[in-house]
Structures are given as structure tokens and as C-alpha cells.
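As C-alpha cells, the structure follows; a few thoughts come after it.
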Amino acid sequence: MKLTVNGLPRECEAGDIEALFHIEAEETGLESPQGIAIALNGRVVRKREWAQTPLREGDRVEIVRAMQGG
């Protein structure tokens with residue numbers, strides 16, 4: 001299915017947000033979901049809901065990592 005992930009078009013077979021996170025984590029070297037926030041179509045999805053939140057054709061997903069500093 002076609003998604004937009006962090007502003008970039010992407011073909012992806014992930015069925016839910018948790019699966020998408022694991023795909024992205026593998027590609028970017030993230031080891032843990034700690035400090036990660038995911039928004040689906042502009043709405044932040046709680047970590048405990050990732051596995052129950054399906055992805056659909058055309059969804060917009062933003063995956064952000066909290067950074068320390070100033």
C-alpha cells in the first residue's frame with residue numbers, strides 16, 4: 001500500500017503502526033520504541049495502541065524521536 005512516512009511517499013506492506021515502526025527501526029537502526037512518538041493522519045497514537053491501529057492506503061504517518069538539548 002502507498003503511505004506517506006515523514007513526508008516521503010512509500011510503498012509498505014505493514015498492516016498496523018507497530019509493524020511499520022519495526023520496519024522503520026530496522027532500516028534506521030533504532031533499537032527501542034522508547035522516546036518515539038507516532039502520529040497517524042495528524043493524531044498521536046499511544047504506544048499501547050500501535051498494534052491495534054491499522055494502516056490504510058494513503059495514510060500519513062509521522063515518526064519522531066525525542067531529542068535532548070537546547
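What follows is calculated from the coordinates using simple rules that are stated; it is not laboratory data. Quick caveat: nothing in here was measured; it's all calculated off a predicted structure. All Cβ positions, even for glycine, are placed from backbone atoms using ideal geometry, and neighbour counts span all protein chains on display.
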For T53, the residues 5 or more places away or on another chain with a placed amide H closer than 5 Å to its own amide H are I17, E18
Whole-Hz Karplus couplings 3J(HN,Hα) for the range 11-25, θ = phi - 60° and coefficients 6.51, -1.76, 1.60, Gly and Pro as x, run 8, 8, 9, 5, x, 8, 5, 4, 5, 5, 4, 5, 5, 5, 5
Checked against the structure, the computed Cα extents along the principal axes in Å among [x] 56, 24, 19; [y] 36, 23, 21; [z] 44, 30, 16 is the one labelled [y]
Within the chain, excluding any GluC sites (Glu not before Pro) found in a DSSP loop (not H, G, I, E or B) and having at most 11 other Cβ atoms within 10 Å, the longest uninterrupted segment runs 32-56
Within the chain, DSSP-loop trypsin sites (Lys or Arg not before Pro) with at most 13 other C-beta atoms within 10 Å are R46, R56
The long-range amide H neighbours of V5, using H built 1.01 Å from N in the peptide plane and a cut-off of under 5 Å, are R10, V61
